[in-house]
Amino acid sequence: VVEEVAAAALPTSFELKNNYPNPFNPETTIEFSILDLNEVLPVVLTVYNMAGQEVARLVDEELDAGVYKSTWDGLNAQGQPVGSGVYLYTLQIGQEFTASKQMTLLK
């Protein structure tokens, strides 16, 4: 689930922010910004384990310019809890922007 941050002004750049809290248990929030290019862009936010395997897809939809946040509850795509460790999260916005960061789940 993704939600728009209501009070935010339109961003002046694409950005993937650090998740908070980090380390986390049981959930963390990931915030990102989409630059206004006068078009709706496909946005995919994915969590991977350190082996590069997809764990969860948090966002997979077209979004307008703005600031958004999504929460990861530490569950995989099948709804099962994942183990403690370091995970990567990657944001892909159309062909315009890709970024990845690390986060740590502690149980």
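For the stretch 31-76, the set of GluC sites (Glu not before Pro) satisfying both a DSSP loop assignment and a count of at most 13 other C-beta atoms within 10 Å is given as Glu39. Structural descriptor for the stretch 11-107: relative contact order 31 percent, calculated from alpha carbon pairs under 8 angstrom and at least 6 residues apart. Enumerate the lysines that Lys69 could reach by cross-link, defined here as Cα to Cα under 22 Å, with residues fewer than 8 away along the same chain left out. Once the sequence-local lysines are set aside, what remains near Lys69 is Lys17, Lys101.
Rg and Dmax of the chain, both derived from C-alpha coordinates alone, stand at 13.6, 43 Å.
Per residue, the chain exposes an accessible area of 55 Å² to a 1.4 Å probe, with every protein chain left in place. For the stretch 31-39, 3J(HN,Hα) computed residue by residue from phi via the Karplus equation (6.51, -1.76, 1.60; θ = phi - 60°) reads 10, 8, 10, 10, 5, 7, 10, 6, 7 Hz, glycine and proline entered as x. 3J(HN,Hα) couplings calculated from phi for the stretch 58-70 with the Karplus curve 6.51 cos²θ - 1.76 cosθ + 1.60 (θ = phi - 60°) are, in sequence order, 7, 9, 7, 7, 8, 10, 7, 4, x, 10, 10, 9, 9 Hz; Gly and Pro show x.
Within the chain, antiparallel bridges make up roughly 95 percent of the DSSP beta bridges whose residues both belong there.
The values are calculated or read from the model by the stated rules, or taken from the named source; none is laboratory data. Just so we're clear, the structure is a prediction, and the values are computed from it rather than from any experiment. Virtual Cβ from ideal backbone geometry, glycine too; neighbours counted across all protein chains shown. For accessibility, only protein heavy atoms count, side chains too; no ligands or nucleic acids. Shrake-Rupley method; radii C 1.70, N 1.55, O 1.52, S 1.80 Å.
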